[in-house]
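Structure first, then comments.
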Amino acid sequence: MEPAVSLAVCALLFLLWVRVKGLEFVLIHQRWVFVCLFLLPLSLIFDIYYYVRAWVVFKLSSAPRLHEQRVRDIQKQVREWKEQGSKTFMCTGRPGWLTVSLRVGKYKKTHKNIMINLMDILEVDTKKQIVRVEPLVSMGQVTALLNSIGWTLPVLPELDDLTVGGLIMGTGIESSSHKYGLFQHICTAYELILADGSFVRCTPSENSDLFYAVPWSCGTLGFLVAAEIRIIPAKKYVKLRFEPVRGLEAICEKFTQESQRLENHFVEGLLYSLDEAVIMTGVMTDDVEPSKLNSIGSYYKPWFFKHVENYLKTNREGLEYIPLRHYYHRHTRSIFWELQDIIPFGNNPIFRYLFGWMVPPKISLLKLTQGETLRKLYEQHHVVQDMLVPMKCLSQALHTFQNDIHVYPIWLCPFILPSQPGLVHPKGDEAELYVDIGAYGEPRVKHFEARSCMRQLEKFVRSVHGFQMLYADCYMNREEFWEMFDGSLYHKLRKQLGCQDAFPEVYDKICKAARH
């Protein structure tokens, strides 16, 4: 009874403290208290529920039977909207706080919400090397199932809660993208409900215009109800090499060289200052040296970016064997390095051993509980951006990031961008090597002002024919937006498919300037 009494007393004291200080004060100034006591346990319950549900559904094979019925229900909702006069635009009914994007989607309150309850893996066909999934299937679900039967996705983005629909309608990338491209480039078919309620399947050879226009369209051409994605045989471990590199020129040269070597299954860089980085290269393997095995995904292990930084601090190279699923989700526990701003002591060994098994809190719950004041503070004093620029412009881009926002660490992830129709493609007619520069954290540039600093960065990205990931705040005006993205095919299909009265234009859905 004594532990229960002590816990009750602590809870009572906490509630009294909240009452005296006010909930808003606690959420802003002592957010870790709220996160540790409430959001971590709640996040764990969410994860357990969704894991058990996915396992039961797949084992009972109920998802394929229910899928057709659910698709018909979506078609019925769209036709009812049309019969009622198509008075407002449509959007998915999934609450905005459930998405991984930190952007607040105000359109959910004004548009017709179409409920889409599609969150199951439908089929794994190892002969065709295809997995067919519904749009709300998460990367955590995918790795848990595919890895257990010896398969994986060629491109599997890091965070567990990222969904297939979000990665197609937005975009997704992984350290294997230098071989396979972005997430959209491993997809072989999309199934959609269009503005008139009709069902369509598109592939590179069937309804090909729609197939190439869907990625990055953010649900403004139709509702995704299923996707077919390539799978490849998986091995048990990733043999990962760590190499500290100093000097910006040497960093860019080394990173470019490793990104061009297709024998590397994985290539990634973490930049800790403008002239200090650790470049990692990995290959999948079934063999392991037991003394070099490192299960980095274990709850008590140091956060991955801190573990990598040790190689830089000690100025030594390293070789480790990491279980495949641990590697895929190496940045999940610390949400890259964002969690250090929420729980400053989260990487402390005592905290990891006692409470690390509950980490991380779900991003959706962090959004739901942040409040308007904290949201505005994050907007003005925090950056979460991914900019995709040609590899040949890497040095120039890193200087620009340093001058405009000065955020470290910076994530470097190479990818090959094929010359295909759609919103995003290289300037020329051939595939080109690009790099995703991910900046997440508090800017350290003097007199940082979010709008002006980000507009400068966006201007640079446009000037080198780069692209901004659309999950983040975008400050471009309409003309600048369509200078960055190729809207020719997109606008043609919007007109052909009757989307102009059914869905907002992608710019109006995601750009900050369009919401004010």
Within segment 395-433, can you find the residues that are open to solvent by less than 20 Å² (accessible area, probe 1.4 Å) and either under 20 Å from Met169 (Cα atoms) or in contact with a Ser or Thr (Cβ under 7 Å, 6 or more places away or on another chain) (or both)? Cys413, Pro414, Phe415, Leu417, Gly422, Leu423, Val424, Pro426
Among Ser273, Ser259, Ser298, the single one that is open to solvent by less than 30 Å² (accessible area, probe 1.4 Å) and modelled with pLDDT under 95 is Ser298
Looking only at segment 172-209, and only at residues there that are closer than 23 Å to Asn117 by Cα and part of a helix (DSSP H, G or I), the one that is farthest from the chain's Cα centre (by Cα): Gln184
Test each condition in (1) open to solvent by less than 10 Å² (accessible area, probe 1.4 Å); (2) modelled with pLDDT of 90 or more for Trp151 and report the one that comes out false. (1)
Looking at segment 343-419, what helices (runs of 4 or more DSSP H) fall wholly within it and have at least 1 residues that are at pLDDT 95 or above? 394-404
Looking at Asp486, Asp501, which is the one that is modelled with pLDDT of 95 or more, under 27 Å from Ser198 (Cβ atoms), open to solvent by 10 Å² or more (accessible area, probe 1.4 Å) and not in a helix (DSSP H, G or I)? Asp486
Only one of Ile279, Ile296, Ile229, Ile186 that is in contact with a Cys (Cβ under 6 Å, 6 or more places away or on another chain) and under 29 Å from Leu324 (Cα atoms): Ile229
Answer from His465, His491 - the residue that is open to solvent by 10 Å² or more (accessible area, probe 1.4 Å) and either of a type in the set (Gly, Ala, Ser) or part of a loop (DSSP other than H, G, I, E, B) (or both): His465
Within segment 178-193, track down each residue that is open to solvent by 20 Å² or more (accessible area, probe 1.4 Å) and farther than 13 Å from Ile229 by Cα. Lys179
Take the residues in segment 227-256 that are of a type in the set (Asp, Glu) and either under 28 Å from Ala144 (Cβ atoms) or not in a strand (DSSP E or B) (or both); name whichever of them is most open to solvent (accessible area, probe 1.4 Å). Glu249
Pick out the one residue from Ile229, Ile173, Ile186, Ile193 that is farther than 26 Å from Asp508 by Cβ, in contact (Cβ under 8 Å) with a residue 60 or more places away in the chain and of a type in the set (A, V, I, L, M, F, W, C). Ile229
Among (1) free of Cβ contacts under 8 Å to residues at least 24 places away in the same chain; (2) surrounded by 15 or more Cβ atoms within 10 Å (Cβ to Cβ); (3) out of contact with any Asp or Glu (no Cβ under 7 Å at 6 or more places or on another chain), Val506 falls short only on (1)
Restricting attention to segment 147-162, the residues that are touching a residue at least 60 places away in the same chain (Cβ under 8 Å) and either under 24 Å from Ile116 (Cβ atoms) or outside any loop (DSSP other than H, G, I, E, B) (or both) number exactly 9
Which residues, counting only those in segment 166-177, are among the small types (Gly, Ala, Ser) and open to solvent by 10 Å² or more (accessible area, probe 1.4 Å)? Gly166, Gly170
Condition (residue is under 23 Å from Thr220 (Cα atoms), hydroxyl-bearing (Ser, Thr, Tyr) and open to solvent by 40 Å² or more (accessible area, probe 1.4 Å)) applied to segment 440-457: is it met by at least one residue? no
Of the residues that make up segment 317-333, is at least one surrounded by fewer than 17 Cβ atoms within 10 Å (Cβ to Cβ) and either assigned to a loop (DSSP other than H, G, I, E, B) or not assigned by the TED database to the domain that holds Ser175 (or both)? yes
If we scan segment 468-482, do we find a residue that is more than 28 Å from Lys306 (Cβ to Cβ), part of a loop (DSSP other than H, G, I, E, B) and out of contact with any Asp or Glu (no Cβ under 9 Å at 6 or more places or on another chain)? yes
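The values are calculated or read from the model by the stated rules, or taken from the named source; none is laboratory data. It should be emphasised that the depicted structure is a prediction, and the values quoted were computed from it without experimental measurement. Neighbour counts run over all protein chains shown; Cβ positions are idealised from the backbone, glycine included. In case anyone asks, the SASA skips ligands and DNA or RNA and just uses the protein heavy atoms, side chains included. Shrake-Rupley method; radii C 1.70, N 1.55, O 1.52, S 1.80 Å.
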